[in-house]
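Since the structure comes first, as structure tokens, the remarks are kept for the end.
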Amino acid sequence: MAEKGYQYSSPLTGTSSGAPKPRMLKGMFDVVPDAFDGYDKSLGLGNQSPRHQAKAIKKDTTEEENKEEMLEVTIKENDNGSVTAEKIEVKEITTAIGDEGVYGSAQSRLFIKGGKIVNDDCSFDADIYIEDGIIKQVGNNLVIPGGSRTIDARGLLVLPGGIDTHTHFQLPFMGTQSVDDFYSGTKAALAGGTTMIIDFVLDQKGVSLLDAYDKWRGWADAKVCCDYGLHVAVTWWSEDVSKQMEMLCAERGINSFKMFLAYKDVFMLDDSELYSAFQKCKELGALAMVHAENGHLIAEKSKEMISSGITGPEGHAMCRPEEVEAEATQRAITVADQANCPLYVVHVMSKSAGDVVAAARRKGNIVFGEPIAASLGTDGTHQWNRCWRHSAGHVMGPPLRDDPTTPGYLMDLLASGDLQVTGTDNCTFNAEQKALGKDDFRKIPNGVNGVEDRMSVIWEKGVHSGKMDPCRFVAVTSTNAAKIFNVYPKKGRIQVGSDADLVLWDANKTRTISAKTHHQAVDFNIFEGMVVHGVAST
């Protein structure tokens with residue numbers, strides 16, 4: 001397994017001739033030693049005016065060769081408690097070179113003092129010293145170099161940065177493209193306390209998986225503001241696809257593949273193809289993922305709705321009842337079990353699907369369930385709203401369930417360990433894009449927001465409500481994802497040697513979620529007006 005592992009990338013803002021290009025860290029079983037040299041990946045979201053800069057300096061080079069560009073983000077706190085990026089500009093910086101190589105500047109040395117560290121298994125009061133983006137010391141009464149930049153974390157929790165396991169940035173889908181690209185999407189992620197996202201390489205049937213991977217890398221590398229990884233979707237099956245999966249694992253570091261049981265004639269595999277794909281994942285040691293809905297039934301029920309004169313967004317929910325999700329979830333688990341392949345069920349949206357995952361785990365199946373911010377934070381009654389824009393804004397697949405007790409039920413499963421990890425399925429479309437389906441719900445682009453608000457929504461509905469403690473919050477928003485996708489303990493843990501992907505979390509502060517103040521490009525927010533406790537301070 002030493003040659004296989006997960007790839008993730010950290011952005012380098014330098015674009016001058018002397019600065020390196022963005023790179024993807026290849027192999028989380030073997031780490032590239034210099035992949036994060038010189039990173040200061042802090043982004044202040046409170047009253048500070050911090051800098052977000054990335055540096056990669058080589059020893060024995062001239063001062064001129066070490067001129068780079070620094071991305072400076074000035075954050076403004078509004079009267080209502082929301083934060084906005086007031087100014088983003090690129091400045092040129094120079095790092096001093098001496099006889100012994102690089103003199104670490106204060107920008108590369110950071111001291112976080114007085115906070116309460118929360119990991120998935122414990123919490124304790126301690127300070128953290130960071131150098132070049134890596135945690136070097138954790139404890140009290142630390143001896144640190146002079147000139148380190150100090151952040152006062154008194155009264156705050158220090159959490160491992162959130163990992164969103166499920167995003168779709170600038171995805172070409174249903175005749176348009178999701179409006180949040182890799183820049184606005186990852187910027188919004190950071191604003192909400194998420195420091196790594198895992199997006200999906202998702203192309204049409206017949207397209208080479210390798211070509212699709214290269215396309216997504218090209219889109220992402222130039223734009224990302226935070227670390228990222230990629231899953232690859234298998235939307236068709238052949239011997240050539242099987243070989244390409246091998247190459248993606250061996251040469252590109254991919255360790256997860258997603259299959260669809262929905263979107264007939266677009267992404268869907270039949271059961272025999274699904275079994276073959278699962279067998280290949282087992283052979284490669286990769287994790288199989290599945291979008292679980294019965295695509296055949298959805299296609300037929302959709303025709304019935306249209307013939308009955310039901311063309312609005314409510315038809316989307318009516319043709320995809322939760323039994324359709326539960327059946328496909330059970331079928332996928334059964335097929336995976338026969339292939340002896342671990343399974344990850346994306347976007348668990350209903351009580352019944354959650355129960356299927358929980359029951360399978362109790363029987364001993366290796367299966368993971370991923371509820372998302374939307375299914376934990378709101379419900380599907382909005383799809384019957386008289387305002388077409390409002391109802392269409394909540395259309396996603398699988399749909400939000402109209403049973404208003406669903407979010408609380410799924411949160412109970414998440415808190416108890418029956419579900420393990422959280423994503424967002426962030427795939428956003430503006431009003432004019434949603435309007436493609438104004439006369440036929442089948443043409444409404446499926447997708448909602450969540451990448452910015454996931455952490456606060458889960459804190460509000462999980463921790464503030466008393467259903468889980470902060471340690472479990474860290475587990476379901478960061479640590480479990482890091483372990484499942486093999487980036488642990490570089491991610492998802494606060495300890496010496498881990499990446500300094502940290503969030504200073506104000507558990508007592510509140511904010512009101514709104515499309516008017518969020519950092520995403522989309523013009524709608526499914527959590528509009530929700531007051532949440534728990535805010536990313538820095």
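The values are calculated or read from the model by the stated rules, or taken from the named source; none is laboratory data. Just so it is clear, the structure is predicted and the values come from calculations on it, not from any experiment. Cβ placement follows ideal geometry from the backbone for every residue including glycine, while neighbour counts extend to all protein chains displayed. Note: areas computed on protein heavy atoms with side chains; ligands, DNA, RNA excluded. Shrake-Rupley method; radii C 1.70, N 1.55, O 1.52, S 1.80 Å.
Here are the numbers:
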read-out: Within the stretch 135-239, strands (runs of 3 or more DSSP E) holding 3 or more residues that are buried (at least 19 other Cβ atoms within 10 Å of the Cβ) and in contact with a helix residue (DSSP H, G or I) (Cβ under 7 Å, 6 or more places away or on another chain); value: 157-160, 162-167, 194-201, 227-233
read-out: Pick from the stretch 350-369, criterion of a type in the set (A, V, I, L, M) and within 19 Å of residue 480 (Cα to Cα), ranking: surrounded by the most Cβ atoms within 10 Å (Cβ to Cβ); value: 357
read-out: Residue check for residue 438: surrounded by fewer than 22 Cβ atoms within 10 Å (Cβ to Cβ), more than 22 Å from residue 368 (Cβ to Cβ), touching a Phe, Trp or Tyr at 6+ places or on another chain (Cβ under 8 Å) and of a type in the set (Lys, Arg); value: yes
read-out: The stretch 356-389, residues that are part of a loop (DSSP other than H, G, I, E, B) and over 14 Å from residue 407 (Cα atoms); value: 364, 365, 366, 385, 386, 387
read-out: Total residues in the stretch 364-394, condition within 20 Å of the chain's Cα centre (by Cα) and not polar (S, T, N, Q); value: 11
read-out: Hits in the stretch 527-538 - residues which are of a type outside the set (S, T, N, Q) and open to solvent by less than 40 Å² (accessible area, probe 1.4 Å); value: 527, 530, 532, 534, 535, 536
read-out: Any hit, the stretch 276-291, residues being among the basic types (Lys, Arg), more than 16 Å from residue 333 (Cα to Cα) and surrounded by fewer than 18 Cβ atoms within 10 Å (Cβ to Cβ); value: no
read-out: Verdict on residue 277 being in contact with a strand residue (DSSP E or B) (Cβ under 6 Å, 6 or more places away or on another chain) and small (Gly, Ala, Ser); value: yes
read-out: Exclusive hit being over 23 Å from residue 166 (Cα atoms) and either of a type outside the set (Ser, Thr, Tyr) or in a helix (DSSP H, G or I) (or both), set 353, 299, 328; value: 299
read-out: Number of positions in the stretch 416-435 that are part of a loop (DSSP other than H, G, I, E, B) and open to solvent by less than 10 Å² (accessible area, probe 1.4 Å); value: 7
read-out: All positions within the stretch 257-275 that are surrounded by fewer than 23 Cβ atoms within 10 Å (Cβ to Cβ) and not in a loop (DSSP other than H, G, I, E, B); value: 258, 271, 272, 273, 275
read-out: Flag for residue 492 being over 23 Å from residue 183 (Cβ atoms), of a type outside the set (A, V, I, L, M) and free of Cβ contacts under 8 Å to residues at least 60 places away in the same chain; value: no
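The rows are residues; the columns are (1) out of contact with any Pro (no Cβ under 9 Å at 6 or more places or on another chain); (2) touching a residue at least 12 places away in the same chain (Cβ under 8 Å); (3) under 16 Å from residue 289 (Cα atoms).
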{"residue": "220", "(1), (2), (3)": "no, yes, no"}
{"residue": "226", "(1), (2), (3)": "no, yes, no"}
{"residue": "234", "(1), (2), (3)": "yes, yes, yes"}
{"residue": "238", "(1), (2), (3)": "yes, no, no"}
{"residue": "244", "(1), (2), (3)": "yes, yes, no"}
{"residue": "247", "(1), (2), (3)": "yes, yes, no"}
{"residue": "250", "(1), (2), (3)": "yes, yes, no"}
{"residue": "264", "(1), (2), (3)": "yes, yes, no"}
{"residue": "269", "(1), (2), (3)": "yes, yes, yes"}
